[in-house]
1. Given a 10 angstrom Cα cut-off, can you work out which residue in Thr14, Thr298, Thr175 is the most mobile in a GNM of the chain?
2. Fully extended, how many nm does the chain gain between Glu84 and Ala260 (0.36 nm per residue separation, minus their Cα-Cα distance)?
3. For segment 88-160, which GluC sites (Glu not before Pro) pass both filters: DSSP loop (anything but H, G, I, E, B) and at most 12 other C-beta atoms within 10 Å?
4. Applying the Karplus parametrisation 6.51 cos²θ - 1.76 cosθ + 1.60 with θ = phi - 60° to the phi angles of segment 215-230, what ³J(HN,Hα) value in whole Hz is obtained for each residue in order, glycine and proline being reported as x?
5. Toward the positive end of the charge dipole of the chain, about the Cα centre and with charges on Cβ (Lys, Arg +1; Asp, Glu -1), which of Asn117, Leu320, Gln330 goes farthest?
6. Putting +1 on Lys and Arg Cβ atoms and -1 on Asp and Glu Cβ atoms, find which of Ala67, Tyr151, Gly44 reaches farthest to the positive end of the dipole of segment 1-158.
7. Using helices alone, what [θ] at 222 nm do you get for the chain, with -39,500 (n - 2.57) per DSSP H run of 4 or more residues, divided over all residues and rounded to the nearest 500?
8. Under the rule of at least 5 residues apart or a separate chain, name every residue whose amide H is placed under 5 Å from the amide H of Gly299.
Amino acid sequence: MHDYIIVGQGIAGTMLAHFLRQKHKKLLIIDRMHHQAASAVAAGIVNPITGRHFIKSWRVDELIPFAFQTYQSLEKLLGTKLLEFKNIAMIFDRINTVNNWAMRSGNPEVEAYVHPNFDPSFYRQFLEQVEDGVEFRQSGRILLKKVIENYKKLLQQEERYLEEKFEHEHLEIQTDSVVYKGHRAHRIIFAEGYQAIHNPYFNYLPFLPAKGDILMVRIPDYPANDKLVKHGVFIVPWKDDIYWVGSSYNKTYKQEAPLATEGEALKERLQRILKIDFEVLEHLCGIRPTVRDRQPFTGQHPVFSRLFLFNGMGAKGSYLSPFFAHHFAQYLDDQCPLDSSIDIKRYFKYFDKNKH
C-alpha cells in the first residue's frame with residue numbers, strides 16, 4: 001500500500017514528490033514525459049520583476065529565497081549543479097519604456113532587486129536598438145530538465161517510479177483507497193501539467209494552456225554569457241556557445257508540435273536585435289499549464305476525497321513549485337490549512353455533480 005500515487009513528474013510533480021519523500025511517505029510516481037511538456041524545454045528563468053510596467057512578481061520575497069534554498073539542497077542530494085545565479089538584463093528599445101522605468105525605479109519594493117551598475121554601451125556592442133536598460137539581481141536559471149531527470153533516477157533506484165502513460169479509465173476509487181492497475185494507495189495526486197485538460201476528474205477547471213516556441217541557437221563569441229538578456233526575446237546561456245532563445249506565448253494554438261511559422265518569427269526577431277551571426281540548431285516548443293487567474297490549482301476533488309490536484313504553476317513554475325509543493329505536503333500530511341488563493345475551491349461553481 002502506497003501513501004500517495006503522484007501522476008506526472010514535471011517540475012511540480014518532482015517538487016511534491018521531494019517534500020513528501022522527506023516526510024518518509026511511500027510514493028509511486030507515474031509518468032511518461034510528454035514531448036510538449038513545459039518542464040522539458042523551459043529555460044527555468046527566475047525573474048523577480050516582470051512586464052513593461054516593471055511589476056514585482058507575486059510573492060517573490062518569499063517564493064524566490066525558498067526556491068533557491070530548495071534547489072541548493074537538491075544539488076547536495078543529487079550531486080549535480082542545478083542552479084545558476086545570473087542577473088537579468090532588460091534592454092529598453094523605446095523612450096517610453098525608459099520613461100516607464102524612470103517612474104518605477106524609485107519604488108523601494110523594486111529597488112531592492114536592482115543591480116546598481118548598468119552600462120548600455122556594453123550591450124550596444126552586440127545588440128541593436130539599445131536606448132537604455134536595467135539589470136535585476138536575486139535572479140537566475142534553474143536547470144529544470146536536469147532536476148527532473150536526476151530526481152527520476154533517484155525515484156527509480158528506490159523503486160518508486162512507473163514509466164507509462166496514465167490511463168484514467170483504469171483508476172478505481174474505493175472507500176478506503178484508490179487502485180490503479182493493481183497499485184493501491186491512500187490518495188492520488190494529479191500533477192499532469194497542461195495534460196490536465198484531459199483529466200475527467202479535474203477538467204472542469206478553467207485551464208488556459210499557452211504554447212511557447214523556442215529556438216536553440218549557436219552564437220560564437222557572444223559577450224553576455226554570464227547574464228540572462230531580455231530584448232524582446234530572452235537570450236539564455238545553455239552550454240558552451242549554445243543559447244536558448246524565446247519564447248512565444250500562444251493561447252490559441254491549433255497544434256501541439258512546433259510550427260514552422262513560429263520558428264521563423266523568432267528567428268526574425270533575433271536577427272533584428274543581434275549584431276552577431278548565429279545558427280539555428282533546433283526549434284522546440286512546450287505548453288505551459290497556465291490558468292485563468294494565474295494562481296496555482298491545488299486541492300481536493302469536490303466529491304472524491306482521495307483525489308487531489310497540484311497544478312497550474314504556469315510560466316513561473318521554476319520558483320512557484322518548490323514553495324507550494326512544500327505547503328501542499330504540509331496540507332496533506334500535517335492537516336495545515338491550504339492557502340485559499342491557490343485552493344481549487346474558488347472554482348467549485350464550475351463543477352457539475354451530474355457529470356460525475
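Bear in mind these aren't lab numbers, they're just calculated from the coordinates by the rules spelled out. Only a predicted model underlies this, so the values are computations on that prediction, with no experimental measurement involved. So basically every Cβ, Gly included, is an ideal-geometry build from the backbone, and we count neighbours across all protein chains shown.
1. In the Gaussian network model the winner is Thr175.
2. This chain segment gains 60.3 nm when fully extended.
3. Loop-located and lightly packed - Glu158, Glu159.
4. Values, residue by residue: 10, 9, 10, 9, 10, x, 6, 5, x, 10, 6, 9, 9, 9, 9, 10 Hz.
5. Checked the options; the winner is Gln330.
6. It is Tyr151.
7. -8500 deg cm²/dmol
8. Answer set, sorted by chain and number: Leu309, Ile344.
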